[in-house]
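Single-structure report; data block below.
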Amino acid sequence: MSYSFADLTAACHDEWRAYIEHEFVRQLSEGSLPADVFRHYLKQDYLFLIHFGRAYALATYKSRNIAELRHSLDGLKTIIDLELGLHVDYCREWGISEEELAALPEARATMAYTRYVLDTGNRGDLLDMHVALAPCLVGYAVVADWINSRAETLRGDGNPYEAWIRMYESDGFQAARRAEEAWLDERLTEVTPRRFEELVTIFRDAIRLEIAFWQQGLDLSI
């Protein structure tokens, strides 16, 4: 039997929809998300991205050939050179300095998610790690698609989160999403049903942690 990334999302349908369509995302898309909630999310997302950069560095180390090495390096560069840089600039627009970001304590949901990904990468192989990373890199691009599919979404200057939406609908981020899906599709065609179920467990756990990260923002929890 041949599997694909779509089979992973289908196996975790309820969790995937709860993540993509979370109340945090709904309010953000409509421009009604409280500003203090968004600032809390931005601060924790900075710490989140640093650890995800570490995860892609680990994926680079675990690469077994030049194709895998280049793919992992592209993921690392997307996080460090594209997303993290944009994130720091965006935080500055919201009155959050890079010095403040560097001094932040990690909230529990941030710590749980990032350490789960790193632990998965350390004890598993490269496919385990990419499946654990997929809800972030692929998921945020899907979130942008879902936002743009909603009649209730407010676009333009009337939405204070317009720049956030533009970041994840951008050609660069969507290209990184497509490259990751293609990489996963190629490798998932080779796995056994038993191995696929192991990967479903990893994927589901990572999605649950993404949901907790959204909720952490709404709750202003540490």
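Just so it is clear, none of the values below were taken in a lab; they were calculated from the coordinates. Keep in mind that what you see is a predicted model, and the values were worked out from it rather than measured. So basically every Cβ, Gly included, is an ideal-geometry build from the backbone, and we count neighbours across all protein chains shown.
Net length available on complete extension from Ser221 to Arg194 is 6.0 nm, with 0.36 nm assigned per residue and the Cα-Cα distance removed. Distances between placed amide hydrogens fall under 5 Å for Leu154 paired with Glu30, Gly31, all partners being 5 or more residues away or on another chain. Comparing Gly172, Gly156, Gly75 in a Gaussian network model of the chain, where Cα atoms under 10 Å apart are tied by springs, the biggest mean-square fluctuation is seen for Gly156. Considering only the other residues whose Cβ falls under 12 Å of the Cβ of Ser29, what net charge follows from Lys and Arg at +1 and Asp and Glu at -1? Every neighbour counted, the sum reads -4.
Dividing the mean sequence gap of close Cα pairs (under 8 Å, 6+ apart) by how many residues the chain holds gives a relative contact order of 41 percent. Contact order for segment 103-222, expressed relative to its length and based on alpha carbon pairs under 8 Å spaced 6+ residues apart, stands at 45 percent. Comparing mean-square fluctuations of Gly53, Gly139, Gly95 from a GNM of the chain with C-alpha springs under 10 Å, the top value falls on Gly95. Net charge in the neighbourhood of Lys77 (other residues with Cβ under 12 Å of its Cβ; Lys, Arg +1, Asp, Glu -1) is -2. Between Ile79, Ile50, Ile20, the residue with the greatest mean-square fluctuation in the GNM of the chain (Cα pairs under 10 Å linked by springs) is Ile50.
Does segment 1-104 classify as rounded, prolate or oblate by the C-alpha gyration tensor (a ≥ b ≥ c root eigenvalues; a/c under 1.5 gives rounded; else a/b over b/c gives prolate, otherwise oblate)? Taking the square roots of the gyration eigenvalues as a ≥ b ≥ c, segment 1-104 is oblate.
Between Asn65 and Ser2, the contour length at 0.36 nm per residue exceeds the alpha carbon distance by 20.3 nm.
Note on segment 5-219: percent of Cα-Cα distances in each 5 Å bin, starting at 0 and stopping at the bin with the largest distance, equals 1, 7, 15, 20, 22, 17, 10, 5, 2, 0. Phi angles of segment 130-138 translate, via the Karplus equation with coefficients 6.51, -1.76, 1.60 and θ = phi - 60°, into HN-Hα couplings of 5, 5, 5, 7, 4, x, 7, 5, 6 Hz per residue; Gly and Pro are given as x. Across segment 33-84, the relative contact order, built from alpha-carbon pairs under 8 Å that are at least six residues apart, equals 38 percent. Electrostatic tally near Leu104: other residues with Cβ closer than 13 Å to its Cβ, Lys and Arg +1, Asp and Glu -1, net -3. Here the 3J(HN,Hα) profile of segment 36-43, calculated from phi with Karplus coefficients 6.51, -1.76 and 1.60 at θ = phi - 60°, is 5, 5, 5, 4, 4, 4, 4, 5 Hz, Gly and Pro shown as x.
Phi-derived couplings, Karplus 6.51 cos²θ - 1.76 cosθ + 1.60 at θ = phi - 60°, listed residue by residue for segment 63-80: 5, 9, 8, 5, 5, 5, 4, 5, 5, 5, 5, 4, x, 4, 5, 4, 5, 6 Hz, with x used for Gly and Pro. Each label was represented as a point 7 Å from its Cα along the Cα-to-Cβ direction; for Asp125 and Arg92 these points are 4.4 nm apart.
Computed extension length for Leu104-Ser32: 23.3 nm, one decimal, from 0.36 nm per residue of separation with the Cα-Cα distance subtracted.
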